[in-house]
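The values are calculated or read from the model by the stated rules, or taken from the named source; none is laboratory data. On a predicted model such as this, the values are computed, not experimentally measured, just so you know. Note that we place each Cβ from the backbone using ideal geometry, even for glycine, and neighbour counts take in every protein chain shown. Ligands, DNA and RNA are excluded from the accessible area calculation, which covers all protein heavy atoms including side chains. Shrake-Rupley method; radii C 1.70, N 1.55, O 1.52, S 1.80 Å.
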Amino acid sequence: MTEIRLANVTKTYAGGQTAVDAVDLTIHDGEFFVLLGPSGCGKSTTLRMIAGLEPISSGDLFIGERRMNEVDPKDRDLAFVFQNYALFPHLTVKGNLTFGMKLRGVPGPEQERRLAEVTVMLGLAPYLDRKPGQLSGGQRQRVALGRALLRDPVAFLLDEPLSNLDAKLRAQMRTELVKLHRRVGRTIIHVTHDQIEAMTMADRICIMHDGKVAQVGAPMEVYRNPADTFVATFTGSPPMNLVQGRLENGAVHFAEATLPLDARTGAGEVTVGFRPEDLSLAALPNRLPIQASVVAVETLGADAILVASLAGGQEIGMRVAADTQLEPGSPVSVHLDPNRLRLFDRQTGKAIARMA
Amino acid sequence: MICVGAATFAAAAPTLRAGPPAVDGQPSPQPEDKLFMTAAIAQRDRWFGFAMTLPGLFALVLVVLFPILFTLWTSTSDFTLLKPSNDAFVGLSHYTQAFATPEFRHALSVTLAFVVAVVILEFLVGFAVALALDKVEHGKAVYYLILLFPLLMNPIVVGLIWKMFLHPTLGIVNYVLSLVGIPPVDWLGVPDNAFWTVVAVDIWHQVSFMIVLLLAGLASLPKEPYEAARLEGAGTIRCFFWITLPLMRPVIVVTLLIRLIFAVKTYDIIYIMTRGGPGQATELVSYYIYRRAFVGLDVSQASAMAVILLLAVLALTAWLHRYMRSLAQ
Amino acid sequence: MKKFLLASSMLIASAFGAEAQTINILMESVPDTRYVQEMLPEFKEKTGIDVQLEVVNYAEMHTKLVPQLVAPEGSYDVVIVDFYWVGEFTKAGWLQPLDERIKADNFPVDNYIPSIMELTGRVDGTTLMLPFYNYAMGLTYRKDLLEDLKHQEAFKAKYGRELKVPTEWPEYLDQVKYFSEDAGIEGFKGVVNQGQRPDPISMEWSNYLFANGGRYYDPETWQPTLATPEGIAALTQYRDNIQKYGPIGAANFSFDDAFNVAAQGKAYSYLTFNMFRPVYDDPASSQVVGKMEIAPVPGGGLNGSWGWAIPKSSPDPDAAWEFIKFIESPEIAKKRALLGGAATQKQIYEDPELIEKYSYYPQLGELLAYAQNFPVFTYTPAFVDVLGRELSLAVTDGKDPKEALEQVDKEFAELLRKDGKLQ
Ligand SMILES: Nc1ncnc2c1ncn2[C@@H]1O[C@H](COP(=O)(O)OP(=O)(O)OP(=O)(O)O)[C@@H](O)[C@H]1O
Ligand SMILES: [Mg+2]
């Protein structure tokens, strides 16, 4: 019933810059929804429009059944973590955290109880009496997060709430957020440009590109079936390999390899996509062998990435065991799982068909 | 072995430097030596820094302190325009004389009332206007220009214009009032009216100062805390009291202080509009001290009064500053 | 090179020396200064001396003058001295005596009206200044209303005397009352006063004091004599005229505020400086052209004047004297009067050509002959400050006239004692 729905929402800034372009989105009640995209793609703008901090240029925003375009932010009952924290510079950490509770007249003891809970969760206890100017970036970010978590809103809107934390703290916070989400069951819209964050936390991910929605779906769905080459390269690390190919006579030809397809698909120039883990050095059954030559092996620790060059000079990456030893320049035969292969239109970049 | 070495060191130490005496044959430990050296460097740096500030300090003393010291000196001697020299020392008699002068005490109390009235009213009006203007999106430059206009006017001109406007029978103000059936008001001919008229004219003249400073302050406030507060559910009034006011505090303090100090020095408007009258209703202390020196020819007495005024303003400034700081806690 | 510099600088110096002798004078921006300015070409022609006038407002004059007077050599060759400053300037010894120069050139000092010569001329038997222009006060009144038969009858019926140019003070007070209360002219008042501190009120009230037969001090002993029945009556009348019979606001009127009310035809009378008389006939600033006339204040009005003097710090006293001698010669004095100047010499007011031009000149001459002087001593300005304050308190703040005048006497006496006048 507190579904958040954007219908054809567009934001054009005063300078004529269109930051969000005709976005349609439905965020279900209680969902952990992640907005993922590169810097400047319009994630913050989208979130701020939902919160009411930016007027919507055209289109409609609904929360539940109610159209919210003109509703004042204070009447939307949303908690927000700002990308730049937006702490109250004149208040201590404690003052910042309790600002909203005081405003809403939460009784003193209750305030203290909830404050203690959040302080412990975010590790803020030592800093309660400091002003924001005396905190590090990560500490400020935790205060900003804490301020939101002390609310019981219709939804939490988090704009890159973990961007400034160190890797360890970030991982810890991810878990905390997911736990919190499970416990309170409120809708969370979480903005990030970190795909790991998106993959690990989201119920569904929306990938934005240039102000438009590129794809919405469950993490694995988006990972496996990217809707276009942008999503394909923006997800996964290293990203999906894209090589040029041709669709002809019911088969796709690329890098001197040929893979027969369903007759349904047409003919023309295509981009062929496959993820690094869909290749193997070993010739497993039903795999398509492709000839390549070794460029380099980059060790990651748990495993390594083999960079190889295909006939025609296109480079691909492939996940291999950490102890793989290969001489640069030596020929190598790699084996592709044909079921995982994806085709995109060379012109539009859109996915063409799902393979059988 | 170690003890022997230490003893030699201790014996040698006093000739090297006047360090702390070694206790029980133990030499002062090594780190203290380093400390001594860094302290010496710090000392040298301090002297260097001090030397670098000397020219500036000298200029400051010359420009700021000298006239004040001269005033102090004059106030303890017997300098009149007829005998312009500072050679006779009379102690603090001019100070006791000042407090024994009913007119001076009266002028001080009128000035206090005037300063409190104009500073508070100008602040309230100025803040309200600044808040309203802060929301204006188009034509801000035009507003600024119009607002700056009175401020750019010479106070003498302001006084003359308003004296003309407020002329009880020939002025435009009473004429306009008569159009809506209000009988003519004697703006300057009745003591109480005159005081408030002068206050009002000063507000007209100086309120822009407050507006412009406060507006600059408001414009420089970060936007984000407001967004955060609105999302927390704060309305306009809460935002004002919980965010704007505390964030503006430094600007407010400075604005109030500057305005307060200038208000104490108000002189021209009085000179043009009322000459301290009717009766003694607008007898501001700056104008009184001026007359004491140049009409009464009694420069030393006037200096003593000026020093008293200076001390009063200093005390007021310090108090306001501390009060405002205590509000912050 | 050095020689060249020396030669050229000598050249410049000699060029200046030969070419122009210049004297500097600080003047107030008033009409009489303009008339002086117009005489300068003639002076230059006669003597070859250039005159530089530095014209400033009254408020700036004293502050500009004093430093130049104190210096061993100042920048002004000639100064003009308000009667206000005479006490201070002479006490400080800043002015050069003129008697020897007068005698040497046989300058006709007896032309001056005696009361004016006493005010800004001779001090304790020494001539330190020559009077420049006068600003004695007179009674300006509505001639047309005075001659109106309707008002003449009504006034006589009510007050039992003729309505005519007042020669007695009570007569004038009755007229004030009549035109405020009985004449039946809408929004019209019997008098407009200039009640602002300190000069306007002090100057104006002096007329009331003299009219009641009061004096500022006993000329024998310098003992102040304001808190006397005459003084108290004068202050009570003055207060009533402002509060009961005058327009609102008069308690803070300066010269021009009050003059404008009279010139707009809103009051029957105004006691003011005689130099304002011609302005009533200037249509640009008056609605009562041809309707106002001036008369001596019954009992003798207040005198006022400026004098020419040569300061001791004068760089060129001889040229300065040349100038004073020229500008105050009977011929030039008449020329200035013809332009509108407020003359200080008797014969001007008897000159047929001038009477032809200014019909009120005989009255003016009489007015000046009987004008009375304000106390002149070192602390005259300080005294005016005290007087203005107490008068204003009595008029606007309910202070009892007797108490107010006692306070004036007290502070007046202190100032006189400080000046060594009063023992
Ligand atoms: N106030 C503004 N006026 C004009 N353009 C703006 C404004 N705010 C943002 N933009 C532009 O709108 C586009 C989208 O900005 P937005 O802040 O939504 O990006 P984002 O996806 O949040 O990026 P990031 O990951 O860097 O935070 C950008 O190109 C930005 O330059
Ligand atoms: Mg952003």
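Summary table below
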{"read-out": "In region A:13-27, the residues that are more than 9 Å from ligand 1 (Cβ to nearest atom) and surrounded by 14 or more Cβ atoms within 10 Å (Cβ to Cβ)", "value": "A:Asp21, A:Ala22, A:Val23, A:Leu25, A:Thr26, A:Ile27"}
{"read-out": "Filter pass, B:Gly233 being within 14 Å of chain A (Cβ to nearest Cβ), small (Gly, Ala, Ser), within 23 Å of A:Thr92 (Cα to Cα) and touching a residue at least 12 places away in the same chain (Cβ under 8 Å)", "value": "no"}
{"read-out": "Within region C:257-284, tally of residues that are within 14 Å of chain B (Cβ to nearest Cβ) and under 24 Å from B:Arg275 (Cβ atoms)", "value": "11"}
{"read-out": "Helices (runs of 4 or more DSSP H) within region A:152-266 that include 1 or more residues on the phi > 0 side of the Ramachandran plot and exposed (fewer than 15 other Cβ atoms within 10 Å of the Cβ)", "value": "none"}
{"read-out": "Exclusive hit being within 29 Å of C:Gln407 (Cβ to Cβ) and crowded, with 24+ Cβ neighbours inside 10 Å, set C:Tyr216, C:Tyr172", "value": "C:Tyr172"}
{"read-out": "Answer from A:Val272, A:Val307, A:Val320 - the residue that is closer than 19 Å to A:Arg246 by Cα and under 27 Å from the mean Cα position of the chain (by Cα)", "value": "A:Val272"}
{"read-out": "Condition met for A:Pro328 (touching a residue at least 40 places away in the same chain (Cβ under 8 Å), open to solvent by 20 Å² or more (accessible area, probe 1.4 Å), of a type outside the set (A, V, I, L, M) and farther than 19 Å from A:Phe230 by Cβ)", "value": "no"}
{"read-out": "Qualifying residues in region A:36-45 (those that are within 14 Å of the chain's Cα centre (by Cα) and of a type in the set (S, T, N, Q)) - the one farthest from ligand 2 (Cβ to nearest atom)", "value": "A:Ser39"}
{"read-out": "Residues that are touching a strand residue (DSSP E or B) at 6+ places or on another chain (Cβ under 9 Å) and within 11 Å of another protein chain (Cβ to nearest Cβ), drawn from region B:69-87", "value": "B:Ser85"}
{"read-out": "Selected residue (only one of A:Gly100, A:Gly59, A:Gly105 is surrounded by fewer than 23 Cβ atoms within 10 Å (Cβ to Cβ), assigned by TED's automatic domain parsing to the domain that holds A:Met220 and on the phi < 0 side of the Ramachandran plot)", "value": "A:Gly100"}
{"read-out": "Pick from region A:55-77, criterion without any contact (Cβ under 8 Å) to a residue 40 or more places away in the chain and within 11 Å of chain B (Cβ to nearest Cβ), ranking: farthest from ligand 1 (Cβ to nearest atom)", "value": "A:Asp75"}
{"read-out": "3 or more residues within 11 Å of chain C (Cβ to nearest Cβ): qualifying helices (runs of 4 or more DSSP H) within region B:263-329", "value": "B:268-273, B:285-294"}
{"read-out": "Test: residue in region B:135-155 that is closer than 30 Å to C:Phe253 by Cα, small (Gly, Ala, Ser) and outside any helix (DSSP H, G or I)", "value": "no"}
{"read-out": "Of all residues making up region C:387-400, the number that are under 26 Å from the mean Cα position of the chain (by Cα) and more than 9 Å from every other protein chain (Cβ to nearest Cβ)", "value": "3"}
{"read-out": "A:Gly37 vs. criteria away from chain B (no Cβ under 14 Å) and away from ligand 1 (no atom under 13 Å from the Cβ)", "value": "no"}
{"read-out": "Any hit, region C:248-256, residues being of a type in the set (Asp, Glu), within 12 Å of chain B (Cβ to nearest Cβ) and buried (at least 22 other Cβ atoms within 10 Å of the Cβ)", "value": "no"}
{"read-out": "Among the residues listed as A:Ala7, A:Ala19, A:Ala14, the single one being away from ligand 2 (no atom under 15 Å from the Cβ) and assigned to a strand (DSSP E or B)", "value": "A:Ala7"}
{"read-out": "Test: A:Gly100 is within 14 Å of chain B (Cβ to nearest Cβ), more than 16 Å from ligand 2 (Cβ to nearest atom) and under 30 Å from A:Glu112 (Cα atoms)", "value": "yes"}
{"read-out": "Matching option when the condition is among the small types (Gly, Ala, Ser) and at pLDDT below 90, among B:Ala98, B:Ala117, B:Ala107", "value": "B:Ala98"}
{"read-out": "Elements of type strands (runs of 3 or more DSSP E) in region C:247-324, at least 1 residues being of a type in the set (Ser, Thr, Tyr)", "value": "C:267-273, C:305-309"}
{"read-out": "Those residues of region C:327-356 which are of a type in the set (S, T, N, Q) and either under 17 Å from the mean Cα position of the chain (by Cα) or farther than 18 Å from C:Met117 by Cα (or both), in sequence order", "value": "C:Thr344, C:Gln345"}
{"read-out": "Filter result for A:Gly52 (in contact with a Lys or Arg (Cβ under 9 Å, 6 or more places away or on another chain) and within 10 Å of ligand 1 (Cβ to nearest atom))", "value": "no"}
